[in-house]
Amino acid sequence: MSRRPPRGEYIETDTGNKVARKATLVGTQNIMLGGKTVIQPEVMIRGDLIRSIQSSSSSSSSATPNNTAVAIGRYCFLSRASCLRPPGRLYKGAFTYMPLRIGDHVFVGPSSVIQAASIGNHVHIGARVVVGEFAIIKDYVRVLDETVIPPNMVIPSFSIVAGQPARVIGEVPEGGHEAFELRELYKTVGNNPPPAAA
Amino acid sequence: MAPLNPYTYIQCPCSDSASLGRPTDLTSPTSADGDEDNTFDPRAPRANFSLYPLEYLLYCEDCHQIRCPRCIAEEIATYYCPSCLFEVPSSNLKSEGNRCTRSCFQCPICIGPLSVTSIETPPPSSTLLSPDHAATPHSTYSLICSYCNWSSTEIGIQFDKPNGIHAQLAKLRNGGASRLTAKERKERRKELSHRGGEAAVAAAAAVAANESSGGQDVDLETQFANLKLFCNSQLADPSAADNGFSSLGDLGFSSPSSLSRIMNLYTGGKLHDPRAKSKLGAMREALAADEGLLESNLNESSLITRLHQSDFLDTASSTQICSQPPNLGEPHLHGASRFNSSLRPVPYLLRTKRSKRCPVCRHIISKPEAKVQTTRFRIRLVAGSYIPSISIRRLNLPGPNGPAAPAILGDLLDPLKPVHFLLTFKNPIFESLKVTLGAPATTPGRFPSKVTVLCPQFDIDANTDVWDEALKDNDRESSSRSRRRAGTESQFQVEVGKIWERGRNWVSIVVEVVPASLKLEAGQDVLKEDEDVLEIPMFVRIEWEVENGGDDATSGPGRDKDQKEKRELAYWCVLGLGRIKQG
């Protein structure tokens, strides 16, 4: 920790994304980052798992197929060794992947695996969490550590979720909304982060 | 032992502080005069119910008081299904109950969500071999849990359509047999009554018929319908059915005279009222299955042998049984088994969006938007935007013997060694705050730790606009840091009465604690749960001035507009600092 790598640990993009050099991003052309997103080392994003069957509506409207596999909003934080993987299933007799959409201010804890269909805004996912395929997580949801969210589960807004399989164990109180903001966390990482307030 | 993150809990004033004293304090004189002097004890059994993290507290702007989840009045704004997120109108709620009536089900085994999946049906049977059916293979659907692989086919339930599962399931009994409809039930009754002319004969025939068909054919709904029909007919024509059931008739379980008899008992009348006696026997008990009589199946040997043969894991837990919705199509309780194999899919319980009112002035202090998908609030008066937040950090000062080791949160505290904690108060309001702290010199409980608040009185500057903060961000950061550095770098020392550090709208102060030794003396009980946690009760009093707004009811007409009104708020809070090292 004391020895800083010479080139800087992170690549900082024009839109403010901080992507660790040691992160594994596969199929980068299919990964959309909204900006101000932190991707820590050892994170894996599977952008290569694109939709192999275009839905009829999109193929007819546009000539170039929309190949986005993973779409991430602003101020997201992907902790070390987490994995984002688009969900896949049989669709009209053939196997296809579907895009994984993540909103703004989403925190993904270390060693978590995300295969959700969509994750809303202001979501906190703890460490070692497994989010099953095609799960839908709405806004202001807190997923505690080591939760296993079964496939196809829908988690409504303002839920606190824990357990294997996940169940809603509580409600996010009214005063707890601000705790989901990740602006301050974004500032603390980077190549030359300001020293933590002493 | 699990590490303990420092925490701050705030006591809601709704709980009576006078009654929160320790049980051992009962000898102390009346608490009426000593309300202010009584130290709040976070370990009192009742304290658990009045302490909340700041996020859970609301604030009533009219009463100028903190409100906790326990003292607010809730009103349900919207009911919705947590799975399909569809709103359920309250009229549906009355008729359909508090569960989702669409296709949202939970696995009865693991509570995971169930999804509708089509089953590959084996080649159609002989009836479907006709040419017009051969083209379209008939597919059925089942509910499958993708977490534990439970399938509704395990209880013999399949569906014809992939939608409207709730309605389809309501008609199906376990094993796939369909539930009797009211019409079918009526027809069956008619059939039975045709067999015998007289009621008694019909009853006997019904018993015989039931016995031949296994006796378990009567489900709850049918039994109730039969019993109701029977009672109605009895009430309508009491003289018709007279038989030798006088022994039970004496007790008058179901006779219309029972009410008058009971009334007689309680009004001091004679037990055997002659008038009542004349009417006794007017009604008789149900005698047969078609009259609603259900014989208890006391022979449970088959169930017991099945229990012997099965695993413990095959039996349903009480939570699994409790989560089962009432199923009218099932046999009576005597027939119900406690095996996993009889559990049915559980429709999702509805969830609500609720608005919250102050219990005193009835003003709404939290009101979400009614639409299910929106997360906005129309009104949201949270305590966090009115009272200062307190964050705790351990402060390690370089001692005389070299530099300090970096403080790790959750570290155990060494007993009898002074430690310093940094409390940072952050002012959320746009006025400057005057804060006065009070803490007992020793913590209450069996192991008193010594507490010294080094700076019990200080001012916090007002909060400023979010935009100011954003614009001045870098500027402010450097200035505030330098402000502290200049003062403290030369002498890293804790000074009594001095603020440790101050920022734009926050102030840090130091609290010195000497943790108690947890050594048990002879005759003392063993350490109770969490008794090693160092908790400090602290009384916080904040004062601020507000400009008298015209809309404020308290401002009289004669008052000057410029005059500032003084407000104050005082409450107890508990600071959990860490665990004390044992032994």
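Is it fair to say A:Glu133 is surrounded by fewer than 23 Cβ atoms within 10 Å (Cβ to Cβ), facing another protein chain (nearest Cβ under 9 Å) and either of a type in the set (D, E, K, R) or on the phi > 0 side of the Ramachandran plot (or both)? Give the steps one after another, and end with the answer.
Details: surrounded by fewer than 23 Cβ atoms within 10 Å (Cβ to Cβ): yes; facing another protein chain (nearest Cβ under 9 Å): yes; either of a type in the set (D, E, K, R) or on the phi > 0 side of the Ramachandran plot (or both): yes.
Against the criterion (surrounded by fewer than 23 Cβ atoms within 10 Å (Cβ to Cβ), facing another protein chain (nearest Cβ under 9 Å) and either of a type in the set (D, E, K, R) or on the phi > 0 side of the Ramachandran plot (or both)), A:Glu133 qualifies.
Pairs are defined by a Cβ separation below 8 Å, a sequence spacing of at least 6 or placement on different chains, a first member in segment A:19-30 that is at positive phi, and a second member that is of a type outside the set (A, V, I, L, M) and surrounded by 15 or more Cβ atoms within 10 Å (Cβ to Cβ); the pairs so defined are A:Gly27/A:Arg46; A:Gly27/A:Gly47; A:Gly27/A:Asp48. For B:Cys100, indicate whether it is within 22 Å of A:Ala135 (Cα to Cα), within 12 Å of another protein chain (Cβ to nearest Cβ), touching a His at 6+ places or on another chain (Cβ under 8 Å) and at pLDDT 90 or above. Spelling it out, B:Cys100 is indeed within 22 Å of A:Ala135 (Cα to Cα), within 12 Å of another protein chain (Cβ to nearest Cβ), touching a His at 6+ places or on another chain (Cβ under 8 Å) and at pLDDT 90 or above. Those helices (runs of 4 or more DSSP H) of segment B:249-355 in which at least 1 residues are modelled with pLDDT under 75, considering only elements entirely within it, cover B:257-266, B:274-279. Once segment B:83-97 is narrowed to residues that are in a loop (DSSP other than H, G, I, E, B) and more than 14 Å from chain A (Cβ to nearest Cβ), the residue that is modelled with the lowest pLDDT is B:Gly97. Of the residues A:Asp139, A:Asp145, which is more than 9 Å from chain B (Cβ to nearest Cβ) and either under 28 Å from B:Pro368 (Cβ atoms) or touching a Gly at 6+ places or on another chain (Cβ under 6 Å) (or both)? Checking each option against the conditions leaves just A:Asp145. Any residue in segment B:46-66 that's closer than 13 Å to B:Val574 by Cβ: show its pairings with residues that are acidic (Asp, Glu) at Cβ separation under 7 Å, as long as the two are six or more apart or on different chains. Correct list of pairs: B:Ala47/B:Asp41. The set of residues in segment A:174-198 that are modelled with pLDDT under 85 and under 21 Å from B:Ser508 (Cβ atoms) comprises A:Pro194, A:Pro195, A:Ala196, A:Ala197, A:Ala198. Under 9 Å between Cβ atoms, at least 6 apart or on separate chains: pull out the pairs that start in segment B:157-169 with a residue that is assigned to a helix (DSSP H, G or I) and end on any residue that is of a type in the set (Lys, Arg). If the second residue must be of a type in the set (Lys, Arg), the pairs left are B:Ile165/B:Arg102; B:His166/B:Arg99; B:His166/B:Arg102; B:Gln168/B:Lys161; B:Leu169/B:Arg344.
Closer than 19 Å to A:Met44 by Cβ, aromatic (Phe, Trp, Tyr) and surrounded by 20 or more Cβ atoms within 10 Å (Cβ to Cβ): is that true of A:Phe107 in this structure? Considered against the rule, which asks whether it is closer than 19 Å to A:Met44 by Cβ, aromatic (Phe, Trp, Tyr) and surrounded by 20 or more Cβ atoms within 10 Å (Cβ to Cβ), A:Phe107 comes out as yes. When B:Thr117 is tested against the conditions (1) away from chain A (no Cβ under 11 Å); (2) touching a strand residue (DSSP E or B) at 6+ places or on another chain (Cβ under 8 Å); (3) at pLDDT below 90, the lone failure is (1).
Remark: pairs (first residue in segment B:498-527, free of Cβ contacts under 8 Å to residues at least 12 places away in the same chain; second residue surrounded by 14 or more Cβ atoms within 10 Å (Cβ to Cβ) and not in a loop (DSSP other than H, G, I, E, B); Cβ separation under 6 Å; 6+ apart in sequence or on different chains) are absent. Please verify whether A:Gly16 is of a type in the set (Gly, Ala, Ser), modelled with pLDDT under 95 and more than 24 Å from A:Tyr140 (Cβ to Cβ), treating the condition exactly as stated. For A:Gly16, the condition - of a type in the set (Gly, Ala, Ser), modelled with pLDDT under 95 and more than 24 Å from A:Tyr140 (Cβ to Cβ) - is not met.
Restricting to segment A:158-179, and then to whatever is in a loop (DSSP other than H, G, I, E, B) and closer than 24 Å to B:Val116 by Cα, can you tell me which residue is nearest to the other protein chains (Cβ to nearest Cβ)? Step by step, filter segment A:158-179, then rank; the result is A:Pro165.
The values are calculated or read from the model by the stated rules, or taken from the named source; none is laboratory data. These numbers come from a predicted model, not from an experiment. Note that we place each Cβ from the backbone using ideal geometry, even for glycine, and neighbour counts take in every protein chain shown.
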